[in-house]
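Input: a single structure, listed below in structure tokens.
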Amino acid sequence: MLNIGQISVWGILLVILFSGAAIAFLWLVDQRLLRKALRLHVHLPRLPQQVWLPLVVAMVCSAAAMAGVLSLCLHGGPFWLLLVFMMVCLLPSTPRAMEDYVRCLRNTQQHRLYLLANGATHLESLVPGARRALRGALLPLLWQRSSAMPFAMALFFLTLLTCGLSFGAALLLTLLVWLSAIAAAVIAAVLSMWLADRQLFDRNERLRVAEQ
């Protein structure tokens, strides 16, 4: 494995230069998109207070699990660096997934109660919201125009090249990290929904945050 002393300073400067050029290009092509990306308060999800703790626990557990898997694949790779990278990948994914989940539960509460009255189980009544949450978890990690994932993966790929990896090894590791981020997003979304279940519903299967 490479250590810090083997990382080229000129390579890091080139990565920063290319990153600045990419941001300048985005500014010339679509200024509104870049302004929206830099406004952090726009991206903060509107979630009930009792959902944040299960959300953070789910993100940390899923990121740690996938970072451990990647570390084993890399024969003892930098676990903490991979953990931070996985957390960065989950930041635009899991909170948005929970926001879509809670919004769907609020909009379909009467339909969910109707399903429960007609013999559906609790899990069966949550299927529409779970589908919306999983879609919300995956979309930020896919290759879309409004997603930062292509830029992040390209930057990660260039960083690996500057650290001395061959083109094939850097490409394989980039794809492996991207697939691991997708898996971590799905795990985090499912785990956060499961952990927040008791905080979202009362004993009568009614949504506690329906009026917020």
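Pick out the one residue from Leu72, Leu47, Leu53 that is modelled with pLDDT of 70 or more, closer than 25 Å to Ala137 by Cβ, not in a helix (DSSP H, G or I) and not acidic (Asp, Glu). It would help to see each step written out before you state the result.
Numbers: Leu72 fails: not in a helix (DSSP H, G or I); Leu53 fails: not in a helix (DSSP H, G or I).
After applying the criteria, what remains is Leu47.
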> Looking only at the range 195-208, which residues are assigned to a helix (DSSP H, G or I) and either out of contact with any Pro (no Cβ under 9 Å at 6 or more places or on another chain) or exposed (fewer than 13 other Cβ atoms within 10 Å of the Cβ) (or both)?
Replying inline: Arg198
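Is one or more of the residues making up the range 102-115 under 23 Å from Met87 (Cβ atoms) and touching a residue at least 24 places away in the same chain (Cβ under 8 Å)?
First pass over the range 102-115, keeping only residues under 23 Å from Met87 (Cβ atoms): 102.
Add one more test, that the residue is touching a residue at least 24 places away in the same chain (Cβ under 8 Å), and what stays is 102.
Yes, there is a match, as at least one residue in the range 102-115 is under 23 Å from Met87 (Cβ atoms) and touching a residue at least 24 places away in the same chain (Cβ under 8 Å).
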> Checking Leu134 against (1) surrounded by fewer than 18 Cβ atoms within 10 Å (Cβ to Cβ); (2) part of a helix (DSSP H, G or I), which single condition isn't satisfied?
Replying inline: (1)
>> I'd like the full set of residues that are open to solvent by less than 40 Å² (accessible area, probe 1.4 Å), in contact with a Phe, Trp or Tyr (Cβ under 8 Å, 6 or more places away or on another chain) and among the aliphatic types (A, V, I, L, M), limited to the range 149-166.
In response: Met149, Met153
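Each row is one residue, and each column tells you yes or no for (1) in a helix (DSSP H, G or I); (2) in contact (Cβ under 8 Å) with a residue 60 or more places away in the chain; (3) within 25 Å of Ala97 (Cα to Cα); (4) of a type outside the set (Gly, Ala, Ser).
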{"site": "Met153", "(1), (2), (3), (4)": "yes, no, yes, yes"}
{"site": "Phe157", "(1), (2), (3), (4)": "yes, no, no, yes"}
{"site": "Leu160", "(1), (2), (3), (4)": "yes, no, no, yes"}
{"site": "Gly164", "(1), (2), (3), (4)": "no, yes, no, no"}
{"site": "Leu171", "(1), (2), (3), (4)": "yes, no, no, yes"}
{"site": "Leu175", "(1), (2), (3), (4)": "yes, no, yes, yes"}
{"site": "Ala184", "(1), (2), (3), (4)": "yes, yes, yes, no"}
{"site": "Ala188", "(1), (2), (3), (4)": "yes, yes, yes, no"}
{"site": "Met193", "(1), (2), (3), (4)": "yes, yes, yes, yes"}
> When only residues in the range 137-150 that are outside any loop (DSSP other than H, G, I, E, B) and under 13 Å from the mean Cα position of the chain (by Cα) count, which is modelled with the lowest pLDDT?
Replying inline: Met149
> Which condition number does Met153 fail, the rest of (1) hydrophobic (A, V, I, L, M, F, W, C); (2) at pLDDT below 90; (3) under 20 Å from Val56 (Cβ atoms) being met?
Replying inline: (3)
> Within the range 117-124, is even one residue assigned to a helix (DSSP H, G or I) and within 30 Å of Leu13 (Cα to Cα)?
Replying inline: no
>> Which residue is farthest from the chain's Cα centre (by Cα), if the candidates are limited to the range 82-128 and must be open to solvent by 30 Å² or more (accessible area, probe 1.4 Å), within 22 Å of Leu142 (Cβ to Cβ) and charged (D, E, K, R)?
In response: Arg103
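Would you point out which residue out of Leu115, Leu161 is farther than 30 Å from Gln50 by Cα, of a type outside the set (S, T, N, Q) and touching a helix residue (DSSP H, G or I) at 6+ places or on another chain (Cβ under 9 Å)?
Working: Leu115 fails: farther than 30 Å from Gln50 by Cα.
One residue alone meets the criteria, Leu161.
The values are calculated or read from the model by the stated rules, or taken from the named source; none is laboratory data. Keep in mind that what you see is a predicted model, and the values were worked out from it rather than measured. Methodologically, a virtual Cβ is constructed for each residue, glycine included, from the backbone with ideal geometry; neighbour enumeration extends over all protein chains shown. Just the protein is used for accessible areas: all its heavy atoms, side chains included, with ligands, DNA and RNA removed. Shrake-Rupley method; radii C 1.70, N 1.55, O 1.52, S 1.80 Å.
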